[in-house]
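A short write-up of the structure that comes next.
Rule-based calculations on the coordinates, nothing more; no lab input. Since we're looking at a predicted model, the values are computed, not measured. Counting neighbours? That spans all protein chains shown, and the Cβs are built from the backbone with ideal geometry, glycine included.
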Amino acid sequence: MNIADMLSTHAQQHPSRICLLRAHGQDWQQLDYAQMARRVAQTAHRLQVLGVRAGTKTLPALPPTLDFFVLVYALFKIGAVPVFIDPRLGSQNLRRCLRRLQPDVLIATPTVQLLLRAIAALRVKHTLRPASCLRTDTHLHTSSWPAGKQDIAAITFTSGSTGTPKGVVYTHHIFAAQLAALRDMFAIKGDSYDLATFPLFALFGPLLGRTTVLPAMDMTRPARVNPTNLLAAFRRFNIASMFCSPAVLDKLAAYGRQHGITLPTLQQVICAGAPVNPRILRTLAPLLPADTQVFTPYGATEALPVSLIGSHEILRHTAPATARGAGICIGKPLAAVDVKIIAIHDGVLPANKNLHLTLGEVGEITVSAAWLSLSYYAEAETEARYVFQGRTYHRMGDLGYYDAAGRLWYCGRKSQRVQCAAGTLYTVCCEGIFNAHAEVRRTALIAVNTAGQRQAGLCIETLQRQSAAQQKKLREELQQLAQKFNITMAITRFYFLKKLPVDRRHNAKILREQLTREVGKCMPS
């Protein structure tokens with residue numbers, strides 16, 4: 001099957017239903033499903049005329065306008081392979097990605113074409129301007145390319161927040177299975193409106209037959225969103241569902257609480273990209289109807305979704321354990337997902353060796369599912385695989401454990417655990433203790449070297465700016481928390497920072513490796 005056919009099906013069933021809405025100045029641009037399907041078919045034909053064929057690696061370097069979505073669906077339709085690379089990866093990572101990928105076609109404005117050539121010395125077979133691809137003055141359409149089960153649909157690069165970005169290969173089959181899982185997880189009436197603050201997730205809405213609203217914001221900088229722009233969309237379209245990162249949710253919750261604003265039409269929130277601090281959920285709760293939840297799906301670019309938990313369960317049952325150092329509960333795995341916790345191991349794992357841990361033991365989270373991507377583009381990534389009894393699992397790079405109720409708990413990234421004389425400390429477990437303090441926005445556990453010994457340090461970002469006296473008092477209170485939970489000997493340094501560095505995609509994952517380098521250079525204790 002070709003996933004672009006899903007769009008055609010919805011256009012036949014609900015031609016006048018709005019497909020996409022995008023804020024444009026003080027107004028809104030829109031396409032209904034019939035218009036979207038027609039433009040996609042016209043653009044697909046035009047791309048073929050310009051020489052784009054099935055299997056052509058194509059980089060659509062465009063902002064998330066309506067034209068961007070038309071172009072991507074058209075690439076799917078003809079079997080070409082769109083490549084998604086976050087433009088804010090940084091010049092070095094962007095250069096690595098583009099050189100490894102070697103795209104066949106670049107679709108971008110002349111300015112962006114020059115910029116990419118300057119950054120990566122990019123050489124492609126064809127460069128096309130968006131206007132030449134998006135011609136709508138033709139009545140010629142094209143049929144969908146019949147994609148096989150293993151045919152590549154897209155290449156999506158990871159964020160690179162804890163390493164070099166990798167190009168995850170998605171087939172049409174993987175996309176279809178993923179869409180089916182998302183449809184089952186988040187079932188809301190098809191004629192409701194969804195607010196999407198992340199462009200790749202917005203691609204799913206039209207394929208699921210939903211109406212997707214793109215608010216006025218820079219989606220490459222979600223933490224800088226103006227909450228009033230989100231509220232304008234809520235008021236205009238009675239938004240029923242919202243997808244966002246924790247950074248967006250934090251801004252919306254704080255603004256709504258401060259101004260006494262409620263969101264009466266909102267039936268669900270899907271928040272992904274990083275764990276959600278219970279503090280944000282508590283702040284947001286009074287803004288929502290009593291039965292509305294914030295759902296946090298756990299997963300990665302290679303495997304999403306894996307598990308799911310709602311804010312009601314977090315606030316009523318698991319948040320107190322998080323504040324005691326248990327980690328963050330990420331819910332039960334989906335019925336179609338097999339998650340195994342295996343012994344922590346750095347390097348390639350032997351096949352068919354039983355490394356499974358018992359209940360409550362912290363280990364590596366490994367995942368197998370129908371929508372699991374089993375390959376990276378142009379990379380032999382054997383360390384990311386675990387094969388057991390003929391089934392392939394993806395090593396998520398995360399640490400966690402099962403509790404007696406069958407729920408997964410997330411303890412942090414494997415590469416960020418701190419091993420010191422006092423034992424092994426897991427980032428999210430330790431940080432949960434200190435994040436529960438009323439004056440703390442977030443913390444980050446890092447490794448520090450003191451007198452030649454490896455110890456742990458805690459970097460702190462507070463909710464409000466503090467004087468020296470306030471910092472001293474807070475330091476003492478955090479030290480008391482460390483003593484209460486028996487980690488005083490391990491965490492020996494406390495560092496106050498104005499802001500902790502976060503990833504560029506979701507503005508939510510703390511860059512602990514960067515913090516370690518910065519603290520090691522000059523940070524006083």
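When +1 charges are put on Lys and Arg Cβ atoms and -1 charges on Asp and Glu Cβ atoms, the dipole computed for the range 4-175 relative to its Cα centre reaches about 620 debye.
The chain gives an Rg/Rh value of 0.97, both radii derived from C-alpha positions and Rh following Kirkwood. Before anything else, pin down the relative contact order of the chain: Cα pairs under 8 Å, at least 6 apart, normalised by residue count, whole percent. Once normalised by length, the contact order is 11 percent.
Placing unit charges on each Cβ (+1 for Lys and Arg, -1 for Asp and Glu) gives the chain a dipole about its Cα centre, and among 165, 142, 516 the Cα reaching farthest toward its positive end belongs to 516. For the peptides 85-91, 414-420, 247-253, the ranking by packing is 247-253, 414-420, 85-91, with the highest mean count of neighbouring Cβ atoms within 10 Å listed first. Residues whose amide H comes within less than 5 Å of that of residue 142, counting only those at least five positions distant or on another chain, are 45 (H built at 1.01 Å from N in the peptide plane). Computed from backbone phi with θ = phi - 60° and the Karplus coefficients 6.51, -1.76 and 1.60, the 3J(HN,Hα) list for the range 106-121 is 10, 10, 6, 5, x, 5, 5, 4, 5, 5, 5, 5, 5, 6, 10, 6 Hz; x is used for glycine and proline.
With a cut-off of 13 Å between beta carbons, the residues surrounding residue 227 carry a summed charge of +3, where Lys and Arg count +1 and Asp and Glu -1.
For the range 484-510 versus the range 38-84, the spacing of their alpha-carbon centroids is 42 Å. For the range 272-387, a simple Cβ point-charge model (Lys and Arg +1, Asp and Glu -1, everything else neutral) yields a dipole of about 480 debye relative to the Cα centre. Our analysis of the range 361-433 gives Rg over Rh at 1.03, with the two radii drawn from alpha carbon positions and Rh computed by the Kirkwood formula. Taken as Cα centroids, the range 317-355 and the range 256-306 sit 23 Å apart, rounded to the nearest whole angstrom. Here the range 4-175 is treated as a sphere whose radius is the Kirkwood value from Cα pairs; by Stokes-Einstein at 25 °C and 0.890 mPa s it diffuses with a coefficient of 146 µm²/s. Subtracting the Cα-Cα distance of residue 467 and residue 261 from their residue separation scaled by 0.36 nm leaves 71.0 nm.
For a modelled paramagnetic label at residue 221, 7 Å from Cα along Cα-to-Cβ, the residues of the range 237-253 in reach, with backbone nitrogen under 15 Å, are 248. Remark: the chain carries a charge dipole of roughly 1100 debye about the Cα centre, counting +1 on each Lys and Arg Cβ and -1 on each Asp and Glu Cβ.
Of the peptides 177-185, 423-431, the ranking by mean beta-carbon count within 10 Å, highest at the top, reads 423-431, 177-185. Seen against the Cα atoms of the chain and their longest principal axis, helix 91-101 is set at about 50 degrees. For residue 81, nonlocal amide neighbours, meaning residues 5 or more places apart or on other chains whose placed amide H falls under 5 Å from its own, are 55, 56, 57, 58.
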